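S.K.: The structure that follows is given in the form of structure tokens.
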Amino acid sequence: MNYEAFFKKSVAQIKTEGRYRVFADLERHAGDYPHATNRRHGTKKEVVVWCSNDYLGMSQDPIVLDALIDAAKSYGCGSGGTRNIAGTTHLHVLLEEELAQLHGKSAALLFTSGFVSNDAAISTIAKLVPNCVIFSDALNHASMIAGIRNSGCKKKIYNHCDAEHLEKLLGEVDINQPKLIVFESVYSMDGDVSPISKICDLADRYNAMTYVDEVHAVGLYGENGGGMSELEGVADRLTVIEGTLAKGFGLCGGYIAGSAALIDAVRSNAPGFIFTTTLAPPIIGAAIASVRYVRVTNELRVKHQERSNTLKQMIRDAGLPLMEESVTHVVPILVGHPVLCRQATDMLLMDYGIYIQPINYPTVPKGTERLRITPTPLHTDELMENLVHALNQVWERLQIQQAA
């Protein structure tokens, strides 16, 4: 049996469809965000990063770097195993308390990534509630879909951000049957926002739990960075708030926050928590410093929004096809073809020193391929002007359709 042929066939098919992904070999410059060095075919070239989810540049903040080093010196570099076997480093306790306070919840639980936290928490919560029916937004992240699938529960998919369709589906289920509504606050490819308050109203009316993924909002929205749920004043109405340390806080890891009983039940039952070596102490120490700093530094959020809004207007003024669904910090520009999307990003990188990854299927539906740009407080006016100039040049060279 030629097993290698199966793998080669799979890759060949992806290449034929124009969605084969090549990873840039980047060296980011600590203290000089968003600049980096791109290594390619034995050469080096300086580039500007425009697509990182390190939304506030906290991965390189001196406060965070110093905290990481201090934690490594005090606790060592590894956690030694799962928390069940190796014990819980005290830093984990402190960070979980910090995250619970951030969202106004009784408790929080750390996971190794946002993907794992969604998969483990959704599947475990739904399994623990007999005959639970899950209601899921049609554009939920792959990690949430994995959690729903692994729960083995019946599911109903409602149209993206459509509260009316959600209510119709809820009405089809007995009012006394357990229900879990699963959705994201900010959808990271389009930059649109769920009607969180309306979903909370429906949950109250139809006797449902709510689970919101805030990974693209924590640190970025709300007076203290608690996300869209804090901004809208509804955090107390949500059953579970899930977040990440990898974006607004600049590190890695995921978490959930909720009631003490729910968190304890997930801690005691979720294989994705029980059987996984926990996050290393230096990461946790850095995360504590990052969360504490971001919570009290609202000017970071103000600057972040200003940079995003400024770039959006520059793109509109240039006649480039900005996807207007975005009402958040995400700046998506429509290309609409996988090969052109790849060619555009290759051209930007090699000819203009601008690093943006193409967003192709299956991340987004076919025909909506795009560039997803994420300006930070550290992207200057000059960098933005260079970006828009380069985009115009590339659009002209590749004859990509401009905005209508």
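S.K.: Where only protein heavy atoms count, and the probe is 1.4 Å, what is the accessible area per residue for the chain in Å²?
M.R.: That works out to 44 Å² per residue.
S.K.: Kindly work out what percent of the DSSP beta bridges joining two residues of the chain are antiparallel, to the nearest 5.
M.R.: Values: 27 of 46 bridges.
Antiparallel bridges: around 60 percent, rounded to the nearest 5.
S.K.: Continuing with this model, one more query. What is the Cα coordinate range of segment 309-360 on the first, second and third principal axes, sorted by size from largest, in whole angstrom?
M.R.: Largest to smallest, the principal-axis extents are 28, 21, 19 Å.
S.K.: Based on the alpha-carbon gyration tensor of segment 235-293, what equivalent-ellipsoid semi-axes (square roots of 5 times the eigenvalues) come out, in whole Å, largest first?
M.R.: Details: eigenvalues 89, 57, 16 Å².
With the √(5λ) rule applied to segment 235-293, the semi-axes are 21, 17, 9 Å.
S.K.: What whole number of Å gives the distance from the Cα centroid of segment 328-392 to the Cα centroid of segment 12-28?
M.R.: One Cα centre to the other: 15 Å.
S.K.: Where the only charges are on Cβ atoms (+1 Lys, Arg; -1 Asp, Glu), what is the dipole of segment 259-306 about its Cα centre, to the nearest 20 debye?
M.R.: Around 80 debye, computed over segment 259-306.
S.K.: Also, I was wondering about something else. Let me check against my output: what whole-number percent is the relative contact order of segment 339-404, with C-alpha pairs under 8 Å and at least 6 apart?
M.R.: On the way: 48 pairs, mean separation 21.1, N = 66.
Taking the mean separation of contacting Cα pairs over the length of segment 339-404, I get 32 percent.
S.K.: Can I ask one more? Suppose we flag trypsin sites (Lys or Arg not before Pro) only when DSSP calls them loop and at most 14 other Cβ atoms lie within 10 Å. Which is the longest uninterrupted stretch of the chain?
M.R.: Numbers: sites that count: Arg21, Lys366.
Here the longest segment lacking exposed loop sites spans 22-365.
S.K.: While we're here: Relative contact order for segment 21-64: what percent, with Cα pairs under 8 Å and sequence separation of 6 or more? Show your work: numbers first, answer last.
M.R.: On the way: 49 pairs, mean separation 13.0, N = 44.
Relative contact order for segment 21-64 comes out at 30 percent.
S.K.: For a bin width of 10 Å, list the pair-distance distribution of segment 142-274 built from all Cα-Cα distances, rounded to whole %.
M.R.: Over segment 142-274, the share of Cα pairs per 10 Å bin runs 11, 42, 38, 9, 0 percent.
S.K.: Between segment 38-92 and segment 280-297, how far is it from one alpha carbon centroid to the other, in angstrom?
M.R.: Result: 11 Å between the Cα centres.
S.K.: Quick one: compute the contact order of the chain, relative version, from alpha carbon pairs under 8 angstrom and 6+ residues apart, as a percent. All intermediate terms of the calculation are to be shown ahead of the outcome.
M.R.: Details: 780 pairs, mean separation 84.7, N = 404.
Result for the chain is 21 percent.
S.K.: On the protein heavy atoms, probe 1.4 angstrom, tell me the percent of accessible surface of segment 287-365 carried by carbon and sulfur.
M.R.: Details: 1740 of 3070 Å².
That fraction is 57 percent.
S.K.: On to the next question. So what is the orientation-averaged projected area of segment 342-404, using the convex hull of its C-alpha atoms, in nm²?
M.R.: Working: hull surface 19.9 nm².
Here the figure is 5.0 nm², rounded to one decimal.
S.K.: A further question on this structure: Mind checking which lysines have their C-alpha under 26 Å from Lys9, skipping anything on the same chain fewer than 8 residues away?
M.R.: Once the sequence-local lysines are set aside, what remains near Lys9 is Lys366.
S.K.: How many percent of the accessible area of segment 142-226 is carbon or sulfur, using a 1.4 Å probe?
M.R.: Values: 1460 of 3240 Å².
Its accessible area is 45 percent carbon and sulfur atoms.
S.K.: In debye to the nearest 20, how big a dipole does the chain give about its Cα centre with +1 on each Lys and Arg Cβ and -1 on each Asp and Glu Cβ?
M.R.: 1280 debye
S.K.: Also: What Rg and what Dmax come out for segment 237-358 when only alpha-carbon atoms are used, in angstroms?
M.R.: For segment 237-358, the Cα-based Rg and Dmax read 19.8, 55 Å.
S.K.: Straight-line reach only, C-alpha to C-alpha below 13 angstrom: list the aspartates and glutamates that Lys198 could link to, leaving out same-chain residues fewer than 8 apart.
M.R.: The qualifying aspartates and glutamates are Asp162, Glu164, Glu167, Glu232.
S.K.: To the nearest 20 debye, what is the magnitude of the charge dipole of segment 160-317 about its Cα centre, counting +1 on the Cβ of each Lys and Arg and -1 on the Cβ of each Asp and Glu? Let's see the in-between values first.
M.R.: Numbers: 14 positive and 21 negative charges, 124 e Å.
Approximately 600 debye in magnitude.
S.K.: How much accessible surface area, in Å² rounded to 10, belongs to the heavy atoms of Glu27 with a 1.4 Å probe?
M.R.: Its accessible surface works out to 70 Å², give or take rounding.
S.K.: Something else about it: Mind putting together the pair-distance distribution for the chain? All Cα pairs, 10 Å bins, whole percent per bin, short to long.
M.R.: Here the calculated profile for the chain is 5, 21, 29, 27, 15, 3, 0.
S.K.: I would also like to ask the following. My understanding is that a pair violates if its Cα-Cα distance is over 27 Å; which of Lys127/Lys168; Lys45/Lys73; Lys8/Lys155 do that in this structure?
M.R.: Values: Lys127/Lys168 24 Å; Lys45/Lys73 34 Å; Lys8/Lys155 35 Å.
As for pairs spanning more than 27 Å Cα to Cα, those are Lys45/Lys73; Lys8/Lys155.
S.K.: Show that you can apply the helix-only estimate: for the chain, add -39,500 (n - 2.57) for every DSSP H stretch of four or more residues, divide by all residues, and state [θ] at 222 nm to the nearest 500. Kindly include the intermediate steps, with their values, before the conclusion.
M.R.: Values: 15 runs with 178 residues, N = 404.
Here the helix-only value at 222 nm equals -13500 deg cm²/dmol.
The values are calculated or read from the model by the stated rules, or taken from the named source; none is laboratory data. Because the structure is a prediction, the values reported are computed rather than measured. So basically every Cβ, Gly included, is an ideal-geometry build from the backbone, and we count neighbours across all protein chains shown. Accessible surface is based on the protein model in full, side chains and every heavy atom, while ligands, DNA and RNA are left aside. Shrake-Rupley method; radii C 1.70, N 1.55, O 1.52, S 1.80 Å.
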